[in-house]
Amino acid sequence: MTGDLVAALRAQEDAWATRPLLRRLYRDWYAEIVDRLAPVPGRSVELGSGIGRLRDVAGDRVVLTDVEETPWVDERVDALDLPYVDASLANIVMLDVFHHLADPARFLDEADRALAPGGRVVMIEPYCSTVSTPLYRRFHQERTDLTADPFAHDPGIARGVFESNQALPTLVFWRHLDTYRRRWPRLRLVERRRFAFLLYPLSGGFSRPPLVPLALRPPLQVVERALTPLAGLLAFRCLVVLEKSRPIRPGSA
């Protein structure tokens, strides 16, 4: 499988080199992630680093990893079996990784275990809105199943690193948020935001032809800001930040 993954990532690297709007969007997203890193002691680790472009923004602040060894990462790490001692990580970073997890509940258990108090999971993922859901289903090769149980093991995703359910972030952090909060009370949801109404779909992503040039980014950003109240209808992306609660010291209540 390593050869298949490397080949797919080399295709992404080629797309990155030839798509300036896509590069700018992802760098903006990486900057959003870096701005939200928790300043607590411990390592910061990116899971599923792909072609490693977080390093362009974060430098050496974050260790780059992937589920298999590739030329772009520092370490091989399985998100469902984190090789870190308890309470040792400052941050876990994920961009387009959570929806590839065959067992999101197991990952959340592992994050709860491995994060230091005050540590964070910071992720940017697909969001299934009224507009994006049918477009994801029509134009994207990855599965989008809003009827799935987001806390159950998914044998379809477990078949390989390219399998996914793009609906998982929407299901866990919006539609089934009460269940999430009940099961992981120490991983507090401190921020969630839906965004990417126009620029991202018009960029073509990594696989489809871009529909607008980089020069149209500023005016389209103005339009996107105006559309913010309609995020639930229009968003293609979401930002989610989870923070591990700090223990309450005796007498501090």
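The values are calculated or read from the model by the stated rules, or taken from the named source; none is laboratory data. No experiment lies behind these values; they were computed from the predicted model shown. Please note: Cβ atoms are built from the backbone with ideal geometry, for glycine as well, and neighbour counts cover all protein chains shown. When the accessible area is computed, the model is the full protein with side chains, heavy atoms only, and any ligands, DNA or RNA have been set aside. Shrake-Rupley method; radii C 1.70, N 1.55, O 1.52, S 1.80 Å.
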Candidate set from the range 122-139 (those that are in contact (Cβ under 8 Å) with a residue 40 or more places away in the chain and open to solvent by 50 Å² or more (accessible area, probe 1.4 Å)); member that is nearest to A158 (Cα to Cα): F139
Neighbours by Cβ (under 7 Å, 6+ apart or cross-chain): first from the range 168-180, open to solvent by less than 10 Å² (accessible area, probe 1.4 Å); second of a type in the set (S, T, Y): P169/Y127; T170/Y127; V172/Y180; F173/Y180
Answer residue from the range 142-153, given it is of a type outside the set (A, V, I, L, M, F, W, C) and under 18 Å from the mean Cα position of the chain (by Cα) and is modelled with the lowest pLDDT among those: E142
Residues being open to solvent by less than 60 Å² (accessible area, probe 1.4 Å), assigned to a helix (DSSP H, G or I), within 20 Å of T133 (Cβ to Cβ) and not aliphatic (A, V, I, L, M) - total across the range 203-237: 3
Residue selected from the range 14-44 under the condition of a type in the set (D, E, K, R) and free of Cβ contacts under 8 Å to residues at least 40 places away in the same chain, by the criterion surrounded by the most Cβ atoms within 10 Å (Cβ to Cβ): R23
Restricting the range 17-46 to residues that are of a type in the set (A, V, I, L, M) and assigned to a loop (DSSP other than H, G, I, E, B), the residue that is farthest from A116 (Cα to Cα): L37
Qualifying residue in the range 92-110 (condition: in a helix (DSSP H, G or I), closer than 24 Å to W174 by Cβ, in contact with a Phe, Trp or Tyr (Cβ under 6 Å, 6 or more places away or on another chain) and at pLDDT 95 or above): yes
Conditions (1) closer than 14 Å to M123 by Cβ; (2) among the aromatic types (F, W, Y); (3) assigned to a loop (DSSP other than H, G, I, E, B); number of the one not met by W72: (1)
Number of the condition not met by I157 [criteria: (1) crowded, with 19+ Cβ neighbours inside 10 Å; (2) within 21 Å of L135 (Cα to Cα); (3) among the hydrophobic types (A, V, I, L, M, F, W, C); (4) in contact with a Phe, Trp or Tyr (Cβ under 8 Å, 6 or more places away or on another chain)]: (4)
Residue in the range 112-122 that is modelled with pLDDT of 95 or more, of a type outside the set (A, V, I, L, M, F, W, C) and part of a loop (DSSP other than H, G, I, E, B) present: no
Residue check for R55: more than 29 Å from A158 (Cα to Cα), among the charged types (D, E, K, R) and either more than 14 Å from the chain's Cα centre (by Cα) or buried (at least 16 other Cβ atoms within 10 Å of the Cβ) (or both): no
Residue count for the range 94-121, restricted to those that are open to solvent by 10 Å² or more (accessible area, probe 1.4 Å), in contact (Cβ under 8 Å) with a residue 60 or more places away in the chain and within 10 Å of the chain's Cα centre (by Cα): 2
Pair list, Cβ under 6 Å, 6 or more apart: the range 152-164 residue free of Cβ contacts under 8 Å to residues at least 12 places away in the same chain, other residue not in a loop (DSSP other than H, G, I, E, B) and not basic (K, R): none
Residue count, the range 141-191 (criterion: part of a loop (DSSP other than H, G, I, E, B) and among the polar types (S, T, N, Q)): 5
